[in-house]
Amino acid sequence: MLIINELKKHYVNDLGEKKIIFNDLKFEAKEGEFISIIGGNGAGKTTFFNSIIGNTNISGGSITLAGKDITNLDKHLRNKVISKVYQDPSKGTSPSMTIYENLSMADNKGKSFNLSWGLNIKRKEKYKKFLSHLDLGLENHLNTKVGNLSGGQRQCLSLIMSVLGKPKLLLLDEHTAALDPKISKIIMDKTEEIVKENGITTLMITHELQDAIDYGDRLIMLNNGKIVLDVSGEEKKKLTKKELMSYFF
């Protein structure tokens, strides 16, 4: 589904020094695969996501998604097939709009859209069904403004919105980092459930090592712009936090 070939990314800092982030990085993700990505600060995780979604220009290499070369594709065109859930719960939703309006906008991502058409009453049952999976009662509050929701509720809503349009690729950028442990566990469980039910290829950056072990099909670790660990299956399941931490040193 996703093929990154010989990715290069470098920049020149204020001192005129050339900083290399990636040098010929190679990476592949199969269709429907759920991959956790870990690594220390400066390992290249954020740049990796930014390169895929088009937030930064790469210095060389190619990116192919679902058989299409998107290396030079404009960001707004990538956004039609790539969804992202951010660390900050306020970034993925519009607080001044209702839950219903937010879902309608997400549902029409990449399509011609106007509010009256987007709020078609026939869609209500569809949205209620999606929201009911969260077990937060949001399906009964479609007309509530999102700004009145808690951070956990917003993040759950962002997750639902990100998959409504059935994207080819879902990027989760530390999407539970700003939440308390209880809500974080709920969202992680729902994340895996939703990703698997919809067969969406998913990349998840996380600093929670146990989440990286417990969730997803595969785990990779980035260090200095290189993949230094790539495990899946039983090998991944048998990992411990202590073993995983040792790779940081």
Just need the Rg to Rh number for region 146-197, please, alpha carbons only, Kirkwood Rh.
0.95
How do 80-90, 7-17 rank on mean C-beta neighbours within 10 Å, highest first?
80-90, 7-17
Given H placed 1.01 Å from N in the peptide plane, which residues other than close sequence neighbours of Met97 have an amide H under 5 Å from its amide H?
Val146, Gly147
Listed pairs Lys91/Lys196; Lys18/Lys68; Lys75/Lys128; Lys80/Lys190; Lys26/Lys84 exceeding 27 Å between Cα atoms:
Lys18/Lys68; Lys75/Lys128
Compute, for the chain, the length of the dipole vector about the Cα centre, with Cβ point charges of +1 (Lys, Arg) and -1 (Asp, Glu) only. Units Debye, rounded to 20.
640
Tell me, what ³J(HN,Hα) does each residue in region 238-244 have, in order and in whole Hz, if you take phi through Karplus 6.51 cos²θ - 1.76 cosθ + 1.60 with θ = phi - 60° and put x for Gly and Pro?
7, 5, 10, 4, 4, 5, 5
If I histogram all Cα-Cα distances within region 199-249 using bins 10 Å wide from 0, what percent of pairs lands in each bin?
23, 62, 15, 1
What does the highest-first list of 160-167, 193-200 look like by mean Cβ count within 10 Å?
160-167, 193-200
Please give the calculated 222 nm ellipticity per residue for the chain, where each DSSP H segment of at least 4 residues contributes -39500 (n - 2.57) and the sum is spread over every residue; nearest 500 deg cm²/dmol?
-9000 deg cm²/dmol
Measuring from the lowest to the highest alpha carbon on each principal axis, how far does the chain reach, largest first, in angstroms?
53, 40, 36
Give the residue from Leu159, Phe130, Pro181 lying farthest towards the positive end of the charge dipole for region 119-187; charges sit on Cβ (+1 for Lys and Arg, -1 for Asp and Glu) and the dipole is referred to the Cα centre.
Phe130
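Any read-out appearing in this document is the output of simple, stated calculations on the displayed coordinates, not a laboratory observation. Computed from a predicted model, the values in this text were never measured in an experiment. Neighbour counts are summed over all protein chains in view; Cβ atoms, including those assigned to glycine, are modelled from backbone coordinates with ideal geometry.
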